[in-house]
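The block underneath contains the structure these notes are about, expressed in structure tokens.
The values are calculated or read from the model by the stated rules, or taken from the named source; none is laboratory data. Here the structure is a predicted model, which is why all the values come from computation and not from measurement. No Cβ is skipped: glycine too gets one built from the backbone with ideal geometry, and neighbour counts run over all protein chains shown.
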């Protein structure tokens, strides 16, 4: 469902950027502000998708590290507990 644009923001662009935007907007039959709004929406959505993909990749890496190193860490912890118990027996 299309959403009406009701919120207003103000940005400043260089004269060169404005001319580029104005030229493209004219070619597409849009106003520069409408075209800027559409492009801003596209950029924000692209960044959201990229961020979600990055977070998913980090989560997958974390799970892979846990699967790989989890047993090793558990074995090291057990060995340390056993070594500490042996040391306490020796000190008695």
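Starting from the range 5-20, keep only residues that are over 18 Å from residue 41 (Cβ atoms), then list their pairs with residues that are in a loop (DSSP other than H, G, I, E, B) whose Cβ atoms are within a distance under 6 Å, requiring at least 6 positions of separation or different chains.
Filtered contacts from the range 5-20: no entries.
Does residue 36 meet the test of being out of contact with any strand residue (DSSP E or B) (no Cβ under 7 Å at 6 or more places or on another chain), in a helix (DSSP H, G or I) and modelled with pLDDT under 95? Give the steps one after another, and end with the answer.
Details: out of contact with any strand residue (DSSP E or B) (no Cβ under 7 Å at 6 or more places or on another chain): yes; in a helix (DSSP H, G or I): yes; modelled with pLDDT under 95: no.
So residue 36 does not fit the description; no.
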